[in-house]
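Below is one structure, written out as structure tokens; the observations come after it.
The values are calculated or read from the model by the stated rules, or taken from the named source; none is laboratory data. Please read these numbers as outputs of a predicted model, since none were measured by experiment. So basically every Cβ, Gly included, is an ideal-geometry build from the backbone, and we count neighbours across all protein chains shown.
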Amino acid sequence: MPVEDQYHYNVIRRAITRIDSAQRPLSLDELAKDMGMSPPHFQKIFSKWAGVSPKRYQQYLALDHAKHLMKTRHTTLGVANELGLSSSGRLHDLFLRWEAMSPGEYARQGADLEIAYGWCDTPFGEALAMATPRGLCGVAFIDASGREANLADLSARWPNAKFTQNTAKVQPYIDAAIRGGSVKLHLMGGPFQIKVWEALLSLKSGQVTTYSDIANVIGSPKAVRAVGTAVGKNPIGWLIPCHRVLRKTGALGGYHWGLETKRALLAYEAIQHDALTP
């Protein structure tokens with residue numbers, strides 16, 4: 001990734017954190033000063049990333065934005081999707097092709113599996129990316145707990161695997177995702193988890209759904225709590241869009257990598273959706 005893009009992503013990440021923690025709307029001058037930039041320069045960089053001005057972005061980040069999404073972008077998933085562990089093709093605006101590990105592979109908890117990992121910049125901040133020879137298997141946004149805690153959290157899902165730091169192997173997956181290119185995913189979970197993640201993969205950018213909707217579409221309407229657990233166990237943030245799952249009330253619910261990141265993802269996608277809608 002170009003050095004200039006890395007710099008811009010770091011600026012945007014800090015700006016989003018500042019916006020999200022503010023108790024009131026912030027002026028362009030205030031935000032630019034906090035970023036150590038002139039107002040025109042900051043406005044240009046921010047608008048290039050988000051597609052809207054910082055002022056407009058703050059409107060999308062309002063706390064009631066999730067409730068608005070539930071009223072206007074809610075999908076029950078059931079009509080257009082046929083879930084059968086055989087998904088391929090264009091999914092939620094990225095060319096994602098995925099395969100799940102076999103039950104035997106899952107039971108061995110990563111034994112005989114080599115997983116490369118590295119820290120990469122994304123439009124939503126730094127992320128830890130992991131990949132097997134068959135595809136990307138993990139994306140975790142780095143939160144306040146830091147790199148090592150995130151590495152321990154993600155690697156604990158496959159305790160018997162061999163992990164090697166190799167950013168060169170994982171960076172191409174992230175670069176492809178950023179530019180909307182083809183990305184291969186290797187899903188490593190139990191059959192129920194895979195079914196839930198498959199439902200998430202069918203969600204289009206700009207849409208949201210609920211835990212109960214997912215439970216219904218996978219044929220387990222009473223397993224709402226188990227669905228919530230499976231959503232929370234999703235190891236591939238952003239690309240398997242667990243951030244698009246809200247509570248029926250329109251409340252954000254949880255997010256493994258922090259509600260600030262979840263709000264930023266939803267706001268970004270809503271902006272892109274609106275820009276493409278006549």
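General observations
- Among the conditions (1) at pLDDT below 75; (2) in the same structural domain as residue 195 (by TED's automatic domain parsing); (3) not acidic (Asp, Glu), residue 84 misses just one, which is (2).
- Residue that is at pLDDT below 90, more than 15 Å from the chain's Cα centre (by Cα) and in a loop (DSSP other than H, G, I, E, B), where the choices are 248, 204: 248
- Boolean, residue 231 is of a type in the set (A, V, I, L, M), touching a helix residue (DSSP H, G or I) at 6+ places or on another chain (Cβ under 8 Å) and free of Cβ contacts under 8 Å to residues at least 24 places away in the same chain: no
- Spans of helices (runs of 4 or more DSSP H) in the stretch 20-67 with at least 1 residues modelled with pLDDT under 80: 39-50, 54-60
- Breaking point among (1) modelled with pLDDT under 95; (2) under 30 Å from residue 15 (Cβ atoms), for residue 111: (2)
- Qualifying residue in the stretch 190-199 (condition: within 29 Å of residue 51 (Cβ to Cβ), surrounded by fewer than 23 Cβ atoms within 10 Å (Cβ to Cβ) and either in the same structural domain as residue 129 (by TED's automatic domain parsing) or touching a helix residue (DSSP H, G or I) at 6+ places or on another chain (Cβ under 8 Å) (or both)): no
- Boolean, residue 120 is within 24 Å of residue 196 (Cβ to Cβ), modelled with pLDDT of 90 or more, buried (at least 18 other Cβ atoms within 10 Å of the Cβ) and not β-branched (Val, Ile, Thr): no
- Of the criteria (1) among the aromatic types (Phe, Trp, Tyr); (2) at pLDDT below 90; (3) closer than 24 Å to residue 104 by Cβ, which one residue 192 fails: (2)
- Given (1) within 15 Å of the chain's Cα centre (by Cα); (2) under 22 Å from residue 56 (Cβ atoms); (3) touching a residue at least 24 places away in the same chain (Cβ under 8 Å), index of the condition residue 271 fails: (1)
- Restricting the stretch 139-178 to residues that are under 17 Å from residue 114 (Cβ atoms) and of a type in the set (Ser, Thr, Tyr), the residue that is surrounded by the fewest Cβ atoms within 10 Å (Cβ to Cβ) is 164.
- Condition check for residue 217: touching a strand residue (DSSP E or B) at 6+ places or on another chain (Cβ under 6 Å), over 20 Å from residue 121 (Cβ atoms) and either touching a residue at least 40 places away in the same chain (Cβ under 8 Å) or of a type outside the set (D, E, K, R) (or both): no
- Condition met for residue 196 (under 30 Å from residue 71 (Cα atoms), assigned to a strand (DSSP E or B) and not aromatic (Phe, Trp, Tyr)): no
- Restricting 135, 125 to those that are touching a residue at least 24 places away in the same chain (Cβ under 8 Å), buried (at least 19 other Cβ atoms within 10 Å of the Cβ) and on the phi > 0 side of the Ramachandran plot reduces the list to 125.
- In the stretch 215-245, residue surrounded by the fewest Cβ atoms within 10 Å (Cβ to Cβ) [restricted to those that are in a loop (DSSP other than H, G, I, E, B) and of a type in the set (D, E, K, R)]: 222
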